[in-house]
Amino acid sequence: MSFYAPKNPIKGAYYMAHFNGTDEPYILERDLVPPPPELQRMLFGWIEHVFDSDGPSDETAKAWHATCLAEMTGYDPDEITKEDIFFEAKSNIPATQSGIEQSAHTDMIAFLKLLVRMRRVIIQDAVLCLQLVPGTSRTLSNSLIESLPEVFESVLFQDYSKDLLLAIQQHQETSAAILEGVNVDGPEIIEAINRSASQQTVLNRILDAMETKHQKQLDQQEARHAQETARHAQEMARQTQAMTSLEARATLPQSAVNCVEALEYDRWAVD
């Protein structure tokens, strides 16, 4: 547990939800307007005061307040700095404490950070839960919302609810206008995809034909080159044979040369 406690695996949760969290187009409408920190502190308000036992001037308490504020504003938990309360609080644990006690302290801080993060989610969900279900006269209110009227009936919550609902409405209207301007329906998209697939098939056939033609030309060039090489080898053999014959004649007596020439003349005459 302690291995994962220092940092919430935000990126892992993104990927498990098939969302890489970096360059993928993604909009969560309820998160268009973040709740103000003052409203968030009305939920689990005791969390900020966990380390206030030594007085408000204590450095650990100050660091913890800053950490809670960073969690509420949604900072990346992977970007942990030396000022993070996790490191400071861990260094303040007495060395005489057992490993189990130190692990429990680490897990406690991680759990408190998770609760701080949940403030934002609970408040945003509450705004939508308190809206009337379309076609009915009821809401999706629950026991948590009903047990905290000092939060969900407060002026801060009402003002935030109006701002968030307005932002959601404007986003939906903008999205609808964009889709209407595009004016593309399902059958048209399917037809375009099929047409694109057909064009790709034709292109593949053209490329295959071009590749076959090119390979045929290469084969023809190789065949001509082989024929030229063979003819050149034959010519070199004839020239070598002629040179050998001349050199042999030069070493023979004149009478023998005359006899050879007479035999060659007779063969030529017969041919």
Total residues in the range 122-151, condition over 39 Å from the mean Cα position of the chain (by Cα) and touching a residue at least 24 places away in the same chain (Cβ under 8 Å): 3
In the range 159-208, how many residues are at pLDDT 80 or above and farther than 27 Å from C129 by Cα? 2
Pick from V33, V50: which is at pLDDT 60 or above and within 29 Å of the chain's Cα centre (by Cα)? V33
Checking T22, T67, T73, T81 in turn, the sole residue that is touching a helix residue (DSSP H, G or I) at 6+ places or on another chain (Cβ under 7 Å) and either in the same structural domain as F152 (by TED's automatic domain parsing) or at pLDDT 65 or above (or both) turns out to be T67
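The values are calculated or read from the model by the stated rules, or taken from the named source; none is laboratory data. Because the structure is a prediction, the values reported are computed rather than measured. Virtual Cβ from ideal backbone geometry, glycine too; neighbours counted across all protein chains shown.
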